[in-house]
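*Asks:* Supplied in structure tokens, the structure appears directly below.
The values are calculated or read from the model by the stated rules, or taken from the named source; none is laboratory data. Just so you know, these numbers come straight off a predicted model, no measurement behind them. Using ideal geometry, Cβ is built from the backbone for each residue, glycine included, and neighbour counts are taken over all protein chains shown. We work out accessible area using only protein heavy atoms, side chains counted, and drop any ligands, DNA or RNA first. Shrake-Rupley method; radii C 1.70, N 1.55, O 1.52, S 1.80 Å.
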Amino acid sequence: MPPDMVRTIDSRIFISTGELSGEIHACHLVESLRKRGTFHITAMGSERLAAGGARIVRDYRDISVTGLSEVISHMGNIKRAFDTVKAHIRTERPDLVVLVDFPGFNMRIARFARSLDIPVIYFIPPQVWAWKRSRLKKIKRYVDMVICILPFEEELYAREGVPVVYIGHPFAATVRPSLDRDEFLANARVHGDRSILTVMPGSRRNEIRRHMPVLSEVIAIMRRSIPDLAVLLPLADNMDEAVVRPFLQGIGDVIILKQDSHNALAYCDAAIVASGSATLEAALLKAPTAIIYRISCLSYAIARLIVHVDFIGLPNIVAGKEVFPEFIQHLQPEIIARKALSMIDKGRQDVAGELGIIVDKLKKQDSYPLAADTIIHFLERL
């Protein structure tokens with residue numbers, strides 16, 4: 001439906017997000033909804049969703065953690081957030097609850113909403129194909145519809161009898177550089193014909209604490225081979241550079257960027273990226289990338305028992321093979337540095353063909369408008 005054709009629909013929607021990437025998806029969804037009707041939107045989010053017109057019931061940033069031991073240490077905040085959201089849903093009784101990713105928290109919200117007979121749509125559902133397949137039964141019981149963004153998820157949910165709509169991955173349409181190469185490099189103060197490494201340690205503080213010591217060693221090692229290596233470190237816009245500065249002592253200049261990850265990935269010679277949505281951005285921007293990830297020893301031991309996938313990186317999962325090399329938990333700086341140097345030496349053409357296949361699998365026109373229309377059609381049938 002063209003965005004100027006506004007439907008006469010007036011509904012109250014509560015949206016639950018729990019981390020930055022999910023909130024960004026939610027912001028685009030809210031924007032598309034508002035072009036199509038009148039919606040009164042409340043949310044668990046931050047100032048980003050507030051800027052889009054949502055009334056924030058609870059900020060998620062003190063519960064945005066990964067790993068079992070990290071979650072345990074934040075249980076007090078998580079319980080308070082859950083109680084606040086429950087009280088809001090019970091009091092306001094929205095017409096629809098929309099959950100965005102963050103499954104450990106949001107599946108409990110789904111169950112609570114169902115107890116009140118409030119319908120639930122899960123936008124970007126749990127990765128049940130990787131672990132906790134038991135969640136499929138819970139999704140079938142507590143969720144009225146799933147809106148998925150990975151191509152193989154549609155069949156999985158349909159086979160279980162869960163109403164599902166595949167809208168393509170929004171990144172395929174939204175992830176692109178905002179500047180041309182020369183303008184970006186001039187703004188970033190990268191002069192001359194230097195090799196460029198982009199490092200992205202993650203969007204959460206605990207990810208940065210676990211990854212930056214390794215990345216600092218990798219940078220130091222690589223500069224023994226490429227002394228004038230330009231290193232770009234685009235930070236998530238929810239992260240202050242003071243968080244990473246202590247890790248950068250004694251390794252030479254590192255250029256910290258804010259809200260500029262797409263350009264940094266589009267124009268680098270190699271990237272080292274913490275597993276997560278940023279790896280998919282790297283694939284879409286065709287950056288030769290090494291994927292890293294480390295969690296606590298307890299979380300990793302448990303994950304080894306319950307995670308059932310061959311790869312951790314989304315580009316590799318979509319491709320069905322290792323396009324980006326993965327270094328998980330046991331992060332050895334020398335080995336990672338050698339791989340990054342090899343990627344710089346081989347150039348972007350080495351992975352361009354396989355990354356193009358990933359882009360084709362994810363591409364579908366207007367993902368966020370499709371998601372908004374799906375929600376509106378659902379509301380119109382209530």
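*Asks:* Mind checking which of Ile376, Val359, Pro177 is farthest towards the positive end of the chain's charge dipole, using Cβ charges of +1 (Lys, Arg) and -1 (Asp, Glu) about the Cα centre?
*Replies:* With unit charges placed on the Cβ atoms, the residue in question is Ile376.
*Asks:* If the elastic network links every pair of Cα atoms under 10 Å, which of Thr279, Thr289, Thr84 fluctuates the most in the Gaussian network model of the chain?
*Replies:* Thr84
*Asks:* Relative contact order for the chain: what is it in percent, counting Cα pairs under 8 Å that are at least 6 residues apart?
*Replies:* Computed over the chain, the figure is 16 percent.
*Asks:* Could you check how many percent of all C-alpha pairs in the stretch 176-291 are farther apart than 24 Å? Before the final figure, lay out the partial values.
*Replies:* Working: 1120 of 6670 pairs.
Looking at the stretch 176-291, the distances longer than 24 Å represent 17 percent of pairs.
*Asks:* Something else about it: Placing +1 at every Lys and Arg Cβ and -1 at every Asp and Glu Cβ, with all other atoms neutral, what dipole size does the stretch 172-292 have around its Cα centre, in debye to the nearest 20?
*Replies:* Values: 13 positive and 14 negative charges, 75 e Å.
Roughly 360 debye for the stretch 172-292.
*Asks:* Could you tell me the ratio Rg/Rh of the stretch 57-210? Both radii from Cα atoms, Rh via Kirkwood. Don't jump to the answer; show the numbers that get you there.
*Replies:* On the way: Rg = 19.8 Å, Rh = 18.4 Å.
Radius of gyration relative to Kirkwood radius: 1.07.
*Asks:* If you don't mind, there's one more thing I want to ask. Which of rounded, prolate, oblate describes the chain, given a ≥ b ≥ c as roots of the alpha-carbon gyration tensor eigenvalues and a/c under 1.5 marking rounded, otherwise prolate only if a/b is larger than b/c?
*Replies:* On the way: a/c = 1.78, a/b = 1.62, b/c = 1.10.
Cα axes put the chain in the prolate bin.
*Asks:* In whole percent, and with a 1.4 Å probe on the protein chains, what portion of the accessible area of the chain is carbon and sulfur? Each step should come with its number before you reach the end.
*Replies:* Working: 8480 of 16710 Å².
Here it works out to 51 percent.
*Asks:* Report the Cα centroid-to-centroid distance between the stretch 134-192 and the stretch 71-123 in angstrom, as an integer.
*Replies:* Centre-to-centre (Cα) distance: 22 Å.
*Asks:* How would you order 265-277, 343-355, 89-101 from highest to lowest mean count of nearby Cβ atoms within 10 Å? Working shown, then result.
*Replies:* Working: 265-277: 24.3, 343-355: 15.2, 89-101: 19.8.
For the peptides 265-277, 343-355, 89-101, the packing ranking is 265-277, 89-101, 343-355.
*Asks:* As a test, work out the antiparallel percent of DSSP beta bridges whose residues both lie in the chain, rounded to the nearest 5. Mind dumping the intermediate values first?
*Replies:* Numbers: 1 of 43 bridges.
Antiparallel: roughly 0 percent of the beta bridges in the chain.
*Asks:* From the helices alone, meaning DSSP H stretches of at least four residues, give me the mean residue ellipticity at 222 nm for the chain, per-run term -39500 (n - 2.57), in deg cm²/dmol to the nearest 500.
*Replies:* On the way: 17 runs with 177 residues, N = 382.
One gets -14000 deg cm²/dmol as the mean residue ellipticity at 222 nm.
*Asks:* OK, next. Rounded if a/c is under 1.5, else prolate if a/b beats b/c, else oblate: with a ≥ b ≥ c from the C-alpha gyration tensor eigenvalues square-rooted, which is the stretch 242-382? Show your work: numbers first, answer last.
*Replies:* Numbers: a/c = 1.64, a/b = 1.46, b/c = 1.13.
The shape class here is prolate.
*Asks:* Roughly how compact is the stretch 104-171, stated as its Cα Rg over 2.2 N^0.38 Å to two decimals?
*Replies:* Working: Rg = 11.4 Å, N = 68, 2.2 N^0.38 = 10.9 Å.
For the stretch 104-171, the normalised Cα radius of gyration is 1.04.
*Asks:* Here's a follow-up. Pick from Ile255, Ile336, Ile109: which residue has the top mean-square fluctuation in a GNM of the chain where Cα pairs under 10 Å get a spring?
*Replies:* In the Gaussian network model the winner is Ile255.
*Asks:* Run the numbers on the stretch 227-350 and let me know its relative contact order in percent, using alpha-carbon pairs under 8 Å that are six or more apart. Mind showing how you got there, number by number?
*Replies:* On the way: 152 pairs, mean separation 28.1, N = 124.
Across the stretch 227-350, relative contact order equals 23 percent.
*Asks:* Could you provide, to the nearest whole Å², the per residue accessible area of the chain with probe 1.4 Å?
*Replies:* Details: 16710 Å² over 382 residues.
With all protein chains present, the chain gives 44 Å² per residue.
*Asks:* Under a Cβ-only charge scheme (Lys and Arg +1, Asp and Glu -1), can you give me the dipole magnitude of the stretch 288-382 about the Cα centre, in debye to the nearest 20? Before the final figure, lay out each step's value.
*Replies:* On the way: 11 positive and 11 negative charges, 33 e Å.
Using only the charged Cβ atoms, the result is roughly 160 debye.
*Asks:* With +1 on the Cβ of every Lys and Arg and -1 on the Cβ of every Asp and Glu, and nothing else charged, how large is the dipole of the stretch 52-199 about its Cα centre, in debye rounded to the nearest 20? Spell out each step's value before the answer.
*Replies:* Numbers: 23 positive and 17 negative charges, 167 e Å.
Charge dipole, the stretch 52-199, about its Cα centre: 800 debye, nearest 20.
*Asks:* Which pairs break 27 Å Cα to Cα here: Lys79/Lys137; Lys86/Lys137; Lys286/Lys364; Lys35/Lys363; Lys339/Lys363; Lys286/Lys321? Write out the running numbers ahead of the final one.
*Replies:* Numbers: Lys79/Lys137 24 Å; Lys86/Lys137 22 Å; Lys286/Lys364 18 Å; Lys35/Lys363 23 Å; Lys339/Lys363 29 Å; Lys286/Lys321 16 Å.
Cα-Cα > 27 Å for Lys339/Lys363; rest within.
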